[in-house]
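Just below is one structure, and these are the notes that go with it.
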């Protein structure tokens with residue numbers, strides 16, 4: 001091995017050991033972080049992230065430029081159709097004995113994928129609570145600490161919030177006419193045949209439609225916070241399937257066809273083909289208005305009992321080749337500057353994971369909604385997010401839906 005490369009590797013390992021070591025005083029912690037920054041400079045970080053949204057891709061590119069200018073890091077966006085692609089690669093590398101020099105440095109992850117890597121011991125850390133910007137994260141939001149009922153325990157850094165909403169065009173559909181509970185969707189669909197659909201459950205938004213219904217219809221919602229068994233799944237989902245059997249004939253195309261993605265579903269809403277569309281981004285109406293893909297009268301509807309919310313994380317695999325650069329990028333994603341840009345509807349409209357009260361007045365001012373942010377709800381309108389079910393419920397829901405309704 002080239003001597004300079006060997007020295008750089010040794011310095012990196014030393015910096016990692018110091019950073020992840022026992023709690024240190026403020027000065028020692030600051031010095032340890034400076035060593036991480038020094039080791040990260042010149043590294044390329046392969047950021048594996050879902051690439052299904054052009055605006056999110058552009059945002060990641062902007063973050064990459066910021067990382068290059070400030071920290072000398074080259075961010076390579078490895079564009080995924082499904083996060084499971086990166087998970088499969090990490091698992092395969094472990095099976096092949098590739099303990100270092102892995103192909104995935106950082107991955108945008110949550111839900112079953114995060115659970116899979118965490119249970120298999122394939123994540124680096126814990127490191128998150130030692131990142132400088134962790135102090136600004138809102139720890140009163142359960143989803144910043146627990147992902148789909150699974151404690152994150154410092155192995156993944158939160159970077160954006162999501163919550164279920166329903167989009168509609170207020171010029172075509174009076175707000176007072178919208179269903180305010182899951183059971184009410186049935187009467188509404190009967191009265192508006194063909195005007196409701198959801199993405200195919202193989203898409204996460206389609207699966208989320210089923211989960212939202214399950215949370216409200218399950219006889220004992222508390223059971224959803226535990227892994228699903230054959231018995232608990234059958235009991236908890238019985239009301240869901242009865243409701244869906246009655247609803248399905250009134251869906252778009254009689255429930256025989258479904259848009260492949262959330263983006264396709266929003267196009268149908270914009271065209272007036274449907275009247276209501278599920279989304280996991282409360283800013284989607286405002287974002288669509290800014291992009292010109294939704295009418296100026298697009299608005300957000302939230303159910304009376306609340307809706308499922310979660311947090312997206314980034315995690316570092318156990319064998320990442322560039323752990324220092326990955327930590328620097330994770331910390332940058334939690335910075336007030338990046339969080340504020342992400343929340344702007346002109347960018348991606350992702351609600352922040354930060355506690356704004358912990359920020360300076362100037363930093364808080366960055367989060368003031370633009371005056372022209374039409375269709376953007378405030379946090380009060382969204383209410384308290386409902387917890388995600390354990391990941392095993394989503395896996396079973398999708399499989400059971402396909403068994404019942406796919407011909």
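How far is the Cα center of the range 107-136 from the Cα center of the range 370-398, in Å?
The two parts, judged by their Cα centres, are 21 Å apart.
Where a ≥ b ≥ c are the square roots of the eigenvalues of the C-alpha gyration tensor, would you call the range 101-180 rounded, which needs a/c under 1.5, or, failing that, prolate if a/b is larger than b/c, or oblate? Intermediate results must be reported in sequence, preceding the final value.
Working: a/c = 2.80, a/b = 2.19, b/c = 1.28.
Taking the square roots of the gyration eigenvalues as a ≥ b ≥ c, the range 101-180 is prolate.
Over the Cα atoms of the range 230-331, what radius of gyration and what Dmax do you get, in Å?
Here Rg and the maximum Cα pair distance are 19.5, 53 Å.
First check a/c for the range 293-407, with a ≥ b ≥ c the square roots of the eigenvalues of its C-alpha gyration tensor; if it is under 1.5, answer rounded, and if not, answer prolate when a/b is larger than b/c or oblate otherwise.
oblate
Quick one: compute the contact order of the chain, relative version, from alpha carbon pairs under 8 angstrom and 6+ residues apart, as a percent.
Details: 707 pairs, mean separation 103.2, N = 407.
Worked out over the chain, it gives 25 percent.
Output the peptides 267-274, 154-161, 386-393, 58-65 sorted from most to least packed, where packing is the average of other Cβ atoms within 10 Å over each peptide's residues.
Numbers: 267-274: 17.2, 154-161: 24.8, 386-393: 22.6, 58-65: 15.8.
Going by the mean number of other Cβ atoms within 10 Å, highest first, we get 154-161, 386-393, 267-274, 58-65.
Which percentage, to the nearest 5, of the DSSP beta bridges contained in the chain is antiparallel?
65
Please work out the Kirkwood hydrodynamic radius for the range 56-163, using every pair of different C-alpha atoms, and report it in angstroms with one decimal place. Please list the in-between numbers first.
On the way: mean 1/r = 0.0647 Å⁻¹.
That comes to 15.4 Å for the range 56-163.
To the nearest Å, what is the center-to-center distance of the range 239-317 and the range 29-69, using C-alpha atoms only?
A separation of 31 Å, based on Cα centres.
With the crude spin-label approximation of a point 7 Å out along Cα→Cβ, what separation in nm comes out for residue 61 versus residue 187?
4.9
Got the relative contact order for the range 37-138 handy, in percent, Cα pairs under 8 Å and 6 or more residues apart? Walk me through the numbers on the way to the answer.
Numbers: 107 pairs, mean separation 30.8, N = 102.
RCO, the range 37-138: 30 percent.
Using a 10 angstrom cutoff on alpha carbons, build the Gaussian network for the chain and name the most mobile of 306, 121, 349.
Comparing 306, 121, 349 in a Gaussian network model of the chain, the most mobile one is 121.
Would you kindly work out the equivalent ellipsoid of the chain from its C-alpha gyration tensor and give its semi-axes, the square roots of five times the eigenvalues, largest first in whole Å?
Values: eigenvalues 302, 117, 69 Å².
Square roots of five times the eigenvalues give 39, 24, 19 Å.
Could you work out the helix-only [θ] at 222 nm for the chain, with each DSSP H run of four or more residues adding -39,500 (n - 2.57) and the total divided by the number of residues, to the nearest 500 deg cm²/dmol? Could you put the intermediate results ahead of the total?
On the way: 15 runs with 173 residues, N = 407.
Helices in the chain give a 222 nm mean residue ellipticity of -13000 deg cm²/dmol.
Tell me, what is a quarter of the convex hull surface for the C-alpha atoms of the range 229-272, in nm² with one decimal? Could you put the intermediate results ahead of the total?
Values: hull surface 17.1 nm².
The Cα convex hull of the range 229-272, projected and averaged over all directions, gives 4.3 nm².
Every number here is computed from the coordinates shown, using simple stated rules; none is lab data. Being a predicted model, the structure only gives us computed values, none of them experimental. Cβ: placed from backbone, ideal geometry, glycine included. Neighbour counts: every protein chain shown.
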